Structure formats: structure tokens, C-alpha cells
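I have placed the structure first, in the form of C-alpha cells, so that the comments after it can refer back to it.
The values are calculated or read from the model by the stated rules, or taken from the named source; none is laboratory data. None of the values given here were measured: they were computed from a predicted structure. Cβ placement follows ideal geometry from the backbone for every residue including glycine, while neighbour counts extend to all protein chains displayed.
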Amino acid sequence: MDVFEAMETCRAIRYLKPDPVPQDLIEKVIYGATRASSPGNSQGWDFVVVRDRATKAKLGPVIRERLLPMIEKVPKRPGGEAKMVDGAMHLVREFENVPVWILVCGRKVYPPGAATDQMVDAALYPAAQNLIVSARALGLGTTFTTLQIATEHEMREVLGIPADCSIAVCIALGYPDRPFGPVKRKPVSDVIHWDRW
Ligand SMILES: Cc1cc2nc3c(=O)[nH]c(=O)nc-3n(C[C@H](O)[C@H](O)[C@H](O)COP(=O)(O)O)c2cc1C
């Protein structure tokens, strides 16, 4: 599969099989993530890979308690959006059954001596996108999530994430239980501005 096919079919896979993901494949998607660009090649990223069921069980209830009421408020207009909301609820309800959660974390390291918060996510999102495209190429499904927005304190406590390390995104990873498919995105002609806006 070439990189365009992987990107074109890398839709959020919120329904995952419970089958474990072999460690070498997890390492491969993180290898993909760590081939990304970062400001000044600072590479200020760390990846917390959560597979242990007992660990997930410490977080699942609080994630459900805080996130389900938030997701329930998202309007479910017919079409893709309703499916997306149902899928997002499913992923939260099934938190412990998602085989792997990968938290993309990072420290404020760039520019040296004058590091800014802005540069943290600037380094982590390219890596996270590389990770999901790598996973797709290996036949693994992923969903970007921001579960940490409501449960950051508990995640830090349970997973031992240092206070100076921020959590940019929590990625669900596993074998897909629903098919990969074409992503719906705006046509290039709607977003391209040649030479000036
Ligand atoms: C930064 C970011 C945060 C996201 N957070 C969530 C999330 O919390 N839960 C979820 O189910 N999907 C989440 N998504 C996935 C998007 O909803 C999804 O990519 C978008 O609706 C387009 O759908 P598609 O990728 O399947 O084409 C997130 C995506 C990004 C980039």
C-alpha cells in the first residue's frame, strides 16, 4: 500500500476487535511516529503504551463518568455525524476492551533556553499523524482522541506521567471490527490558494 492509499482510507476506527496487537507492530507504528518532523528536530516526544487490563480498569470508570455526558451533548445530525457520536460513545464505553491506548506525550524543549508551550503540540501532532498512517498501512485501526481533557489528573496519577510532560492525544489502536474506508475531506480546489489568498 502506498502512502496515499493509507491516508485516503485512514478513517477513525472506533470499533476494534479485542485481539491483542503484537508488540513488534506497536513498535513499528511508534517507529513511524518518530520519523516525523519536529521543530529544530527537537523530538520532544514520549509514548505511553497502555495494554494492561488492570491499568485500563483504573481509568475506564472515570473516563466514562466524565466523557459520556460531554459526548451526549454533541448534536447528532443525521448522516456521518450521528455515526461519529455513536462511535465516540462506543469507544469510551469500551475503554478497557480497546487492546492498546497510546498516549502521545511531550515536554517543553524547544527553542532551547526559551521553550514555549506552542512548540509542544507542534512537535507531537505530526508524530501522531505519522502513527495513525503507519498503523493503517499495517492493517491496524486507530482513532485520535482527546480523552485526557477531562481525565488528565487521573491519567497522570495512574500512568505516572511527569508533571512537566503534557499529553497531546490518546490514540486507540487495534484490529478493525469495521472496514477501513475512504475519508470524506474537502476537495483540494476548495482549500488551495495559489500565490495569494
Ligand atoms: C485532535 C483530534 C481529536 C479527536 N478526538 C476524538 C475523540 O475524542 N473521539 C473520537 O471518537 N474521535 C476523535 N477524533 C477523530 C475525528 O472525529 C475524526 O477524524 C473526524 O471526525 C473525521 O473522521 P474520519 O477520520 O473517520 O474521516 C479526533 C481527531 C483529532 C484530529
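Quick notes on this one:
- Filter result for P182 (modelled with pLDDT of 95 or more, closer than 22 Å to Q43 by Cα and surrounded by fewer than 16 Cβ atoms within 10 Å (Cβ to Cβ)): no
- Pair list, Cβ under 8 Å, 6 or more apart: the stretch 4-29 residue over 17 Å from A88 (Cα atoms) and more than 16 Å from the ligand (Cβ to nearest atom), other residue of a type in the set (S, T, Y) and assigned to a loop (DSSP other than H, G, I, E, B): D19/Y175; V21/Y175
- The set of residues in the stretch 159-183 being out of contact with any strand residue (DSSP E or B) (no Cβ under 8 Å at 6 or more places or on another chain) and within 10 Å of the ligand (Cβ to nearest atom) consists of G181, P182, V183.
- The one condition in (1) crowded, with 17+ Cβ neighbours inside 10 Å; (2) within 15 Å of the ligand (Cβ to nearest atom) that E96 fails to fulfil: (2)
- Condition met for S42 (of a type in the set (G, A, S), closer than 26 Å to G113 by Cα, away from the ligand (no atom under 15 Å from the Cβ) and touching a Gly at 6+ places or on another chain (Cβ under 8 Å)): no
- Among residues of the stretch 138-158 being farther than 25 Å from D19 by Cβ and not polar (S, T, N, Q), the one that is nearest to the ligand (Cβ to nearest atom) is I149.
- Sole exception among (1) free of Cβ contacts under 8 Å to residues at least 24 places away in the same chain; (2) among the β-branched types (V, I, T); (3) in contact with a Ser or Thr (Cβ under 6 Å, 6 or more places away or on another chain) for V62, by number: (1)
- Residues within the stretch 16-46 that are closer than 14 Å to P176 by Cα and surrounded by fewer than 17 Cβ atoms within 10 Å (Cβ to Cβ), tallied: 4
- Count of residues meeting criterion [touching a helix residue (DSSP H, G or I) at 6+ places or on another chain (Cβ under 6 Å) and either surrounded by fewer than 17 Cβ atoms within 10 Å (Cβ to Cβ) or of a type in the set (S, T, Y) (or both)] in the stretch 76-93: 1
- Residues located in the stretch 50-69, provided they are under 18 Å from the mean Cα position of the chain (by Cα) and small (G, A, S): G60
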